[in-house]
Amino acid sequence: MTRRGTKVQFRTFSAWGCLVAFVSTLVGCASDTYEPPATTNVNAALSALLRQPRSYTLYDGGYQSAILSISQGASASYKGVNYDTTILTTTIRSGGILEGTDVQTVWFQTGTLLEFFIQNSVNGCNLATSASALPTSASLGSTFPFASLISYSTCNAPAHTETGGTAKQQGTVTQTASYSLIYGIPMVCINTVNSFFRSTEANCVEITDTNGTLGPRALVSLATGNIVREFTNF
């Protein structure tokens, strides 16, 4: 099985995102002797991924590398409601030379993974219209709703998305979570489809047991049109 996507020049992309169709084609690549966990705790896995500091250095099989860093941000408040925040930073280098950096600040309802607002350093912001709790026991090969958001331009606060605000609506963002085999590795993914940029992205981390414990291997994959980019550390 070919492991790498088509190589193209770097295009700035958000740290989150979906490659549902691409990921689904990779299911079933496991060896005959390996038995991945038949179920896992998706909520615990993504809680660990999004709510604990961590960093992954990934490569595209050529000259480019991506570092995905996750850290906790300050508490945020809007209309009297407090939110936890997570800062996601993606840094791309080509031949060791910095190509681009994208920073996202994701607001979650306090103590949960229910997304409310995403501030992007390069592409405005996203305001959630719905958010779903993730399962504590999910079967291998399952996909679940995570969040639906409206995408806005020139935006750095939820108030900018209100009537009379400075942001302009520019499409939708749909996120799902999935648990599947990718290159024979059981992985939980956050998958994102952006209607305005016509892009899809998958951010996936290895799962080692039914409790949703994260392993060391990770994958980020992006598709824009017929162009697919993929970074892994395996």
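Got at least one residue in the range 75-84 being surrounded by 15 or more Cβ atoms within 10 Å (Cβ to Cβ) and in contact (Cβ under 8 Å) with a residue 60 or more places away in the chain? The answer is no, given that none of the residues of the range 75-84 is surrounded by 15 or more Cβ atoms within 10 Å (Cβ to Cβ) and in contact (Cβ under 8 Å) with a residue 60 or more places away in the chain.
Across the range 85-109, which residue is surrounded by the most Cβ atoms within 10 Å (Cβ to Cβ) among those that are free of Cβ contacts under 8 Å to residues at least 60 places away in the same chain and of a type in the set (Ser, Thr, Tyr)? Looking at the filtered set, the residue picked out is 86. Would you say residue 113 is in contact with a helix residue (DSSP H, G or I) (Cβ under 8 Å, 6 or more places away or on another chain) and outside any strand (DSSP E or B)? Taking the combined requirement at face value, the residue satisfies it. Of everything in the range 213-232 that's of a type in the set (S, T, N, Q) and touching a Phe, Trp or Tyr at 6+ places or on another chain (Cβ under 9 Å), which residue is farthest from residue 184 (Cα to Cα)? Step by step, filter the range 213-232, then rank; the result is 224. Restricted to strands (runs of 3 or more DSSP E) entirely inside the range 136-234, those with at least 1 residues that are among the small types (Gly, Ala, Ser) and either free of Cβ contacts under 8 Å to residues at least 40 places away in the same chain or buried (at least 22 other Cβ atoms within 10 Å of the Cβ) (or both) are 142-153, 168-182, 199-207, 214-224. Within the range 47-79, if we keep just the residues that are polar (S, T, N, Q) and assigned to a loop (DSSP other than H, G, I, E, B), the residue that is nearest to the chain's Cα centre (by Cα) turns out to be 52. The set of residues in the range 116-135 being at pLDDT 95 or above, surrounded by 21 or more Cβ atoms within 10 Å (Cβ to Cβ) and outside any strand (DSSP E or B) consists of 134 alone.
The values are calculated or read from the model by the stated rules, or taken from the named source; none is laboratory data. This structure is a prediction, so every number in the text was calculated from the model and none was measured. No Cβ is skipped: glycine too gets one built from the backbone with ideal geometry, and neighbour counts run over all protein chains shown.
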